[in-house]
1. Roughly how much of MET161 is accessible, in Å² to the nearest 10, using a 1.4 Å probe?
2. Around LEU134, which amide H atoms from residues at least 5 apart in sequence, or from another chain, sit under 5 Å from its own amide H, with H modelled in the peptide plane?
3. Could you order the peptides 21-27, 33-39 from most to least packed, using the average number of other C-beta atoms within 10 Å per residue?
4. Could you give me the ³J(HN,Hα) list for segment 127-136, computed from phi with Karplus coefficients 6.51, -1.76, 1.60 and θ = phi - 60°, whole Hz, x at Gly and Pro?
5. Run down the lysines and flag those whose C-alpha is under 17 Å from the C-alpha of LYS156, throwing out any fewer than 8 positions away in its chain.
6. Taking 7 Å along the Cα-to-C-beta vector as the label spot, tell me the LEU159-ASP72 distance in nanometres, rounded to one decimal.
7. Between LEU167 and ASP142, what is the label-point separation in nm under the 7 Å Cα-to-beta-carbon projection?
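The values are calculated or read from the model by the stated rules, or taken from the named source; none is laboratory data. None of these values were measured; they are calculated from a predicted model. With ideal geometry, Cβ positions are generated from the backbone for all residues, glycine too; neighbour counts draw on all protein chains shown. What goes into the accessible areas is simple: the full protein's heavy atoms, side chains included, and nothing from ligands, DNA or RNA. Shrake-Rupley method; radii C 1.70, N 1.55, O 1.52, S 1.80 Å.
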Amino acid sequence: MKVEDYSFDLLLGGTDTSTTTIEWAAYELLKRPYLIEKATKELYKVIEAIIKETMRLHPIAALLAPHYAIKDCNVAGYDISKGITILINIDVKGQNFALIPFGYGRRRCPGYQLGLKFIRSILANLLHGFNWKLPPRMKPEDICMKELYGLTTHPKVPLSMIVEPRLPLHLYN
């Protein structure tokens, strides 16, 4: 593989996880409409908390990226031989691991900062620029929060929502 191929994989790999985090944030906010009003009033204070809580409640990746053992070692009581590729399962539900789907330490995702900036910017712009509502006759408790597992974790049932411009229309051009 060429260096350009790795760069493309890096950028492509961050788009699915970022958009899925934004999708889950929309689910969580529409499930609790009072948070939308609060978030738009305190947008820049609250946006980071929304992102972290969304990632805690709905970890985007159940497995961290594969790790390759460069030497024999022992991890958590398990002997790992040189040359073995290991997958690390993460389970952060109910625990306090901030943004663990990005990995940890020196093997953290190289797109970590870019991904967070992307999520922050998109979610802040969506909250600032639009009013979010559920369709008529749909209540917040009707939103299905079941997860569909795969390489990344998506909502099982697509969400219908009504999005209306909040700002003067000329600002959307």
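1. Estimated to the nearest 10 Å², MET161 gives 70 Å².
2. ILE162
3. Peptide ranking by packing, descending: 21-27, 33-39.
4. With coefficients 6.51, -1.76 and 1.60, one gets 6, 6, x, 9, 8, 9, 9, 7, x, x Hz.
5. LYS31, LYS146
6. That separation, rounded to one decimal, is 5.1 nm.
7. 3.1
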